[in-house]
Amino acid sequence: MSFSRIAILGPGLLGGSVGLAAYGAGHEVILWGRNSERVEVARKIGLEATTDLQWAVKDADLIILAVPVGVMGRLLESMKGNLKPGAIVTDVGSVKGLPHEVANEHGIPFVGSHPMAGSEQTGIEAARADLFKGAACALTNDQERPNEELRAVARFWENLGCVTSVMNSKDHDRAVARISHLPHAMAVATAGAALRFPGDEFLAAGGFRDTTRVASGDPEMWAEIMVENRAALTAALQDAQDEMREILDHLAKSDKKGLQSYLAEVKARKENPSENL
């Protein structure tokens, strides 16, 4: 099974980048958006685009949801009677449990996708065809769709440059809470604490820039992601609190040797993660 025509719903950074990459890989691509100005930008960067949802999805073999989860239910309800027989729906969301729930509610054949690619930049203006080169892409198949469909979705992402793996949505959401959502939350907390005193940013160099880069991400999008994955993220943040308490304990005791040992332990854990399995 293969996908000739791809419909992408959502003209943002990820939707636009998927569109450019898929077009470059030889697929016929149509991008849909409600906002006519964003649709016009999509056309300017070389993509076929429309504000007509039914026209966008009616002949598509693969429909990719590149919209917030809160919007997915309305879109699926609107288009489910107009899907081509055999069409598959996937997404690019950072949380997988809720999209599966929404797709199940509407009886939509769904395989979840999460390409681990992005940028602190937002909007289709920042879209890049090479955004997915070398990126991990997690696939979730909680609906237990046929293996032929799962493999077709995997091949699609692999053709865009991704390295794919399959897991259930619960394991996915736990993992990304720690390796994606927690780092974002910590970058925000670090930037907030570091910039308490106006003027200190004058001294900021590479360490501050690298540690806090993702704190410049879209606040609306990240607030939604964090709330959607709040249980797993809360557990990760509580573990981060424990790590901070250990640092604070060493500082309170002026325990240089103990602090050095802790820093070395975490450094080794980061540099050799497989040894911690």
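The values are calculated or read from the model by the stated rules, or taken from the named source; none is laboratory data. None of these values were measured; they are calculated from a predicted model. Please note: Cβ atoms are built from the backbone with ideal geometry, for glycine as well, and neighbour counts cover all protein chains shown.
Residue pairs, Cβ under 6 Å, 6 or more apart or interchain, first in the range 50-65 and closer than 21 Å to residue 37 by Cβ and outside the structural domain of residue 103 (by TED's automatic domain parsing), second among the small types (Gly, Ala, Ser) and part of a helix (DSSP H, G or I). List them.
That search, which allows pairs on different chains as well, returns nothing.
It is to be established whether one or more residues within the range 236-247 are in a helix (DSSP H, G or I) and under 30 Å from residue 71 (Cβ atoms).
Let us first name the residues in the range 236-247 that are in a helix (DSSP H, G or I), namely 236-247.
Now narrow it down to the ones that are under 30 Å from residue 71 (Cβ atoms): 236-237.
Checked the range 236-247: at least one residue is in a helix (DSSP H, G or I) and under 30 Å from residue 71 (Cβ atoms).
Output the qualifying pairs, or none if there are none: Cβ atoms under 6 angstrom, residues six or more apart or on different chains, first residue in the range 18-44 and over 22 Å from residue 137 (Cβ atoms), second residue among the β-branched types (Val, Ile, Thr) and assigned to a helix (DSSP H, G or I).
33/39; 38/124; 41/124; 42/124
Go through the range 102-114 and give me each residue that's in contact (Cβ under 8 Å) with a residue 60 or more places away in the chain and out of contact with any Lys or Arg (no Cβ under 6 Å at 6 or more places or on another chain). Give the steps one after another, and end with the answer.
If we filter the range 102-114 for residues that are in contact (Cβ under 8 Å) with a residue 60 or more places away in the chain, which is where we start, we get 112, 114.
The one that is in contact (Cβ under 8 Å) with a residue 60 or more places away in the chain and out of contact with any Lys or Arg (no Cβ under 6 Å at 6 or more places or on another chain): 114.
May I ask you to list the residues in the range 215-234 that are surrounded by fewer than 15 Cβ atoms within 10 Å (Cβ to Cβ) and either touching a residue at least 60 places away in the same chain (Cβ under 8 Å) or touching a Gly at 6+ places or on another chain (Cβ under 9 Å) (or both)?
The one that is surrounded by fewer than 15 Cβ atoms within 10 Å (Cβ to Cβ) and either touching a residue at least 60 places away in the same chain (Cβ under 8 Å) or touching a Gly at 6+ places or on another chain (Cβ under 9 Å) (or both): 216.
Being farther than 19 Å from residue 150 by Cα, aliphatic (A, V, I, L, M) and free of Cβ contacts under 8 Å to residues at least 40 places away in the same chain is the filter here, so list the residues in the range 72-101 that pass it.
Result: 72, 76, 79.
With the condition being in contact with a strand residue (DSSP E or B) (Cβ under 9 Å, 6 or more places away or on another chain) and not assigned by TED's automatic domain parsing to the domain that holds residue 98, I'd like the helices (runs of 4 or more DSSP H) fully within the range 132-199 carrying at least 1 qualifying residues.
Hits in the range 132-199: 169-176.
Please tell me if residue 195 is buried (at least 18 other Cβ atoms within 10 Å of the Cβ) and either among the charged types (D, E, K, R) or in contact with a helix residue (DSSP H, G or I) (Cβ under 7 Å, 6 or more places away or on another chain) (or both).
no
Filter the range 178-214 down to residues that are in contact (Cβ under 8 Å) with a residue 24 or more places away in the chain and of a type in the set (A, V, I, L, M) and give me whichever is farthest from residue 116 (Cα to Cα).
191
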